[in-house]
Amino acid sequence: MLASVLFYQLAIHPTTSTLSVGPRLYKTLGWTTLQAGLSTALSLLVGITLGWALSHRRHFIGRRLYVALLSSALVLPTIVVVLGIVTLLGRSGWLNKSLQYFNLPTHDVFIFGLAGIVIAHCYFNASYVARTLLNRFESIPPQQVKLSRSLGLNAWQRFKMIELPAISSSIPTLAVTIFLLCFTSFSIVLVLGGSPKYNTLEVSIYEAIKLDFNLGRALGLALTQLSICAALVIATTRFGKDNRLIENTDSKSQNWSDSLAVSAIQVCIILAFGLIFMLPLMAVIVDGLAADFSQIARDPNFQRALITSLTIALLSTLLVLLISSSLAIAYTTLATPQRLGKYKTSKFVLRLLSFSSTLYLAVPSLVLGLGFFLLAKTVGGNNNLWAVAALLTANVLMVLPFAIGTLAPAMIKAANRYDKLAFSLGLKKWSRWRLIESQLLQTELAYAASLAFCFSLGDLGIIALFGNQDFVTLPWLLYQKMGSYRTDEAAGIALIMLCITLAVFLWLPLLISKYRKSAEPHA
């Protein structure tokens, strides 16, 4: 219903008179496509390489923490990481200071423009690719590993004949997803674009509203972006012939027998990426520790931003858990044969649910925010309340695919194991959830909650449209500090956001896991 209202608002406003379909639009669209294509290609290349290396090196000190940090890239506040990258590669960054220390020629600033945008996109998305494909690599059947040994295949032959086919079904969907994320990128392009010539459609929409107040042009750009994203989302659903939520991922593969040279290359890949991943975070930590936190804490703007961000993050978390649990139950009902899985229509409805859960990719946050912005102007009312509604809607839509992807497989597994017992005991709905699902899915629920909280805490998209002196969040306050060159305060706020994000994302699931182990009865 809400989507229908938003689309109606986009459709009824005149756009043809204010959006000229000419060189300016084609240039913006071409640049947006170029940077998204380059970012996708580099992210896939780096991610596949890292996933391959990690799947072969299964036993090294700190591997679990390394993989957990890769997962955290998904929720790290974009504006915080961008600040760390600028600290590293800017004109007065760590790299130039190191070159000066050794009397070597320094580099010109390349971080603002295409290079910086692609680097930042690769930082986030390569980690996502590696973490996603690692499960695929590790699910290769042991029989294939033994066969490769018996045939004496070298590393390249094994990758080409065994490993690449194992991950190939995931690559098209990953490619389209990453392309969409880069195509609709806002925070990275806003900070690292450097000039209007590097504006994407998303940033152009923002400037059309905030700088020019040209709603017609903003709407035309939004409709253009909406059409392209919707087409790509539909294409993504066509790639997934099998429902990934009900795949068997319990297969345990054996270790590969790699030569000393190949093993050394794998170790170098893991170490190099780990260093590259940690450097921006270390830059944020080092600069942040030099900030005056007492001054930051006394700032009324910071106090309002902290309370607003935490409140919206908690509300988003509750909504995500409620909606994703309901949808995961629907997935389970449609996917398990002891319920409705035996009916032919269930597969169609299951695919429809899968498509609906990925709609956030077709409706980027800034386009969604524009819809709410128009609703606020048309309907009237408190602007801050509209801002809260827009933020909550965007945050929930953003996290739902990941939350459902986490909850549904575990719930399907629990249903296959306990359905007969539950039916025989007459457990239904709330009783079943309280006694079975809620007990077995504590870790998955904690992970979904941490995702929702961290995504919401670091979002800079919609608040860029609604932010004002009375309504400000931590990402928006950080962006304002960066824009006014108050770097010390910006570094301190960035460190606070980073600590909150990593603490929630890494600590909450671990705490729940330890609680489950302590609650289990001992023999």
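Numerical summary
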quantity: Length-normalised contact order of the chain in % [C-alpha pairs under 8 Å, at least 6 apart]; calculated: 22 percent
quantity: Sites Arg91 and Thr311 - FRET efficiency at Förster radius 25 Å, r taken between beta-carbons, to 0.05; calculated: 0.10
quantity: For region 293-518, average projected area of the Cα convex hull in nm²; calculated: 15.2 nm²
quantity: Qualifying GluC sites (Glu not before Pro) for region 428-514 [loop in DSSP, other Cβ within 10 Å: at most 10]; calculated: none
quantity: Convex hull of the chain built on C-alpha atoms - directionally averaged projected area, nm²; calculated: 28.9 nm²
quantity: Region 409-478-region 158-181 distance, computed between alpha-carbon centres (Å); calculated: 28 Å
quantity: Footprinting exposure proxy for Glu138, Glu163 (fewest neighbouring C-beta atoms within 10 Å first); calculated: Glu138, Glu163
quantity: Theoretical FRET efficiency, 1/(1+(r/R0)^6), r = Cβ-Cβ of Lys197 and Ile234, R0 35 Å, to 0.05; calculated: 0.65
quantity: Pair Tyr66, Lys428: separation of 7 Å Cα→Cβ label points (nm); calculated: 5.2 nm
quantity: Likely footprinting exposure, Met282, Met482, Met398, Met497, fewest C-beta neighbours within 10 Å first; calculated: Met282, Met482, Met398, Met497
quantity: Simple label model, 7 Å out from Cα along Cβ direction - Asp108 to Cys499, nm; calculated: 4.0 nm
quantity: For Ser346, Ser259, Ser316, order by how many other beta-carbon atoms lie within 10 Å, fewest first; calculated: Ser259, Ser346, Ser316
quantity: Gain upon complete extension [Arg351, Asn468; 0.36 nm per residue less C-alpha separation]; calculated: 38.0 nm
quantity: Mean Cα-pair separation over length for region 293-518, i.e. relative contact order, pairs under 8 Å, 6 or more apart, %; calculated: 31 percent
quantity: Separation of the Arg417 and Lys377 label points, Cα + 7 Å toward Cβ, nm; calculated: 5.4 nm
quantity: Calculated FRET efficiency for the pair Ser259/Gln295, C-beta based, R₀ 45 Å, to 0.05; calculated: 0.20
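Readers should treat all values here as calculations from the given coordinates under stated rules, not as data from a laboratory. Computed from a predicted model, the values in this text were never measured in an experiment. Methodologically, a virtual Cβ is constructed for each residue, glycine included, from the backbone with ideal geometry; neighbour enumeration extends over all protein chains shown.
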